[in-house]
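The structure appears below as structure tokens.
The values are calculated or read from the model by the stated rules, or taken from the named source; none is laboratory data. Because the structure is a prediction, the values reported are computed rather than measured. When we count neighbours, we look across all protein chains shown, and the Cβ atoms used for this are built from the backbone with ideal geometry, even at glycine.
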Amino acid sequence: MARPPRAAFVTLLASALCFGLAGGAGAVPAVVEAAPPVLTPAAAEGAAPTTKGVQQVLAGVLADPSLGKHRGVYVYDVSRDKLVFSTGTATPYTPASTLKLLTTVSALATLGSEHRFTTKVVSAGKGSIVLVGGGDPLLTSKPSQSAGYPTRATLAALAASTAKALKAQGVTSVTLGYDASLFTGPAGNARWESNYLPEGIAARTSALWVDEGRVSSGMAKRATSPAAAATAVFAKLLAANGVKVAGIAKPKVAPAGAQQLAKVLSPTVGQIVEYVNLHSDNDGAEVLLRHVGIETKNGGSYVGGVTGVEETLSKLGLDVGKAQIFDGSGLTRTNKVPLDLLAGAVRVAASKEHPELRHLLTGLPIAGFNGSLEKRFIGASAAAGTGLVRAKTGTLTGVHSLAGIVRTRSGTVLAFAVASDSVPVPKTLDARAALDRAAAALANCGC
């Protein structure tokens, strides 16, 4: 069905108002007339929503049998820093991909939004070089694949710079090693389904890969050794730039203090967080998890990453006591997370005390417009949330969740989480639509 005619500009307005980006108009030349306002600006803080009001607008959705027996919702007034309404929150839920909110907010808190990851080439002696992975989750192989947002670092650029540096030294033939030692522990999570790695549903997490370990860009099949595959691509690119690689590249830890020949930098952590949440990128989330582990001095394994995430969330004032977290992407069903923790990550990112976490919000999919919400919010009642809801989706068989932020018609900013992990498979689409209606009801209530 057609989108509401106001949706195109409501998205921009909602983004500005929800996230504190709207400011006063600056001075303009006298010859320029100010355009009349399209809508009356929302107040910074509208009428306070009531528990009874929110309960009433959500009652019909929460009674939907498609949601199964274990369903719940948690709604928090960010404007006034208080809980408004919760039900079905006594026990945690399998979060699916809404778990990425916990991983990405932790990455922002520990690494900083402006941090970048470095992929470099160093000298390991005369005629010997090492390709060193810095854990760039979006590193790609060819310049043409760097288009879009965010702009990615490419192995092609690194090879060109490396060849130039080598030729300046009179070197046109080298042996090549690769160092992916930044991350430790198993490349796959022990709690993932056995088919995830063989079928390319998830990559073997590595500090050195291109195109998230895909054998062919855009295809599901992944390399069994992403670091070796990336190095093979790099060797071909060096050859194309006039530097021959002798023999077969082998794993090698770069010497301490080795001379750097060339480097490329990833997008910022803030941009990567936006990408991961917008596209629900499992592989990027797993890389960020390990960086959190390293930054919190818990090590570069997924176990260390989980410990780091839990420590970071606690420092942000969030209660992780009832949570059971085992990965960074939400792929495993053994994750169990309370709804107040999912909504809490959004709440903290929206608070005045943590402007450094805003990328968590700006990267959330917009209902009916982009990312994992592009083709949702299309039913008669859910369409009212188009352009007004920003939320992270979570989906596994029998599991559906949605967590994000909305501004009500009365001007109040709400953080919310709504979920069910007991959806009958034949009711999958009905359950997903029910969650959309719940978020739309919050966005359009004067409750």
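Summary of computed values
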| read-out | value |
| --- | --- |
| Within region 235-263, tally of residues that are on the phi < 0 side of the Ramachandran plot and in a loop (DSSP other than H, G, I, E, B) | 12 |
| Unique residue being surrounded by fewer than 18 Cβ atoms within 10 Å (Cβ to Cβ) and closer than 30 Å to His359 by Cβ when the list is Lys244, Lys250, Lys236, Lys263 | Lys263 |
| Residue in region 351-360 that is under 20 Å from the mean Cα position of the chain (by Cα) and within 21 Å of Arg71 (Cα to Cα) present | no |
| Checklist (1) farther than 18 Å from Asp211 by Cβ; (2) in a helix (DSSP H, G or I); (3) within 26 Å of the chain's Cα centre (by Cα) applied to Ser144, failing item | (1) |
| Every residue from region 255-275 that is within 19 Å of the chain's Cα centre (by Cα) and of a type in the set (Val, Ile, Thr) | Thr268, Val269, Ile272, Val273 |
| Inter-residue pairs, beta-carbon under 9 Å, first over 30 Å from Gly284 (Cα atoms) and in a loop (DSSP other than H, G, I, E, B) and in region 77-102, second among the β-branched types (Val, Ile, Thr) and at pLDDT below 95, 6+ apart | Ser79/Thr412; Ser79/Val413; Arg80/Thr412 |
| Residues being modelled with pLDDT of 90 or more and either outside the structural domain of Gly398 (by TED's automatic domain parsing) or among the hydroxyl-bearing types (Ser, Thr, Tyr) (or both) - total across region 35-80 | 5 |
| Of residues in region 394-406 being surrounded by 24 or more Cβ atoms within 10 Å (Cβ to Cβ) and not aliphatic (A, V, I, L, M), the one farthest from Thr362 (Cα to Cα) | His400 |
| Criterion (modelled with pLDDT under 90 and among the small types (Gly, Ala, Ser)) met by exactly one of Ala90, Ala14 | Ala14 |
| Tally of residues being in contact (Cβ under 8 Å) with a residue 12 or more places away in the chain and surrounded by fewer than 24 Cβ atoms within 10 Å (Cβ to Cβ) across region 318-334 | 11 |
| Residue check, His354 under 28 Å from Ala47 (Cα atoms) and touching a residue at least 24 places away in the same chain (Cβ under 8 Å) | yes |
| Per-region count, region 331-384, residues in contact with a Gly (Cβ under 6 Å, 6 or more places away or on another chain) and not in a helix (DSSP H, G or I) | 4 |
| Selection count, region 145-188, where residues are surrounded by fewer than 14 Cβ atoms within 10 Å (Cβ to Cβ) and farther than 20 Å from Lys250 by Cα | 8 |
| Unmet criterion (only one of (1) surrounded by fewer than 22 Cβ atoms within 10 Å (Cβ to Cβ); (2) closer than 20 Å to Ala124 by Cα; (3) touching a residue at least 60 places away in the same chain (Cβ under 8 Å)) for Gly257 | (3) |
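Listed here are the residues, each with its yes/no results for (1) among the hydroxyl-bearing types (Ser, Thr, Tyr); (2) buried (at least 21 other Cβ atoms within 10 Å of the Cβ).
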residue: Thr98; (1), (2): yes, yes
residue: Leu102; (1), (2): no, yes
residue: Gly112; (1), (2): no, no
residue: Thr118; (1), (2): yes, no
residue: Ser141; (1), (2): yes, yes
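Condition check ((1) among the basic types (Lys, Arg); (2) in contact with a helix residue (DSSP H, G or I) (Cβ under 9 Å, 6 or more places away or on another chain)) across all residues:
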{"position": "Thr104", "(1), (2)": "no, yes"}
{"position": "Leu108", "(1), (2)": "no, yes"}
{"position": "Val132", "(1), (2)": "no, no"}
{"position": "Leu138", "(1), (2)": "no, yes"}
{"position": "Pro143", "(1), (2)": "no, yes"}
{"position": "Arg152", "(1), (2)": "yes, yes"}
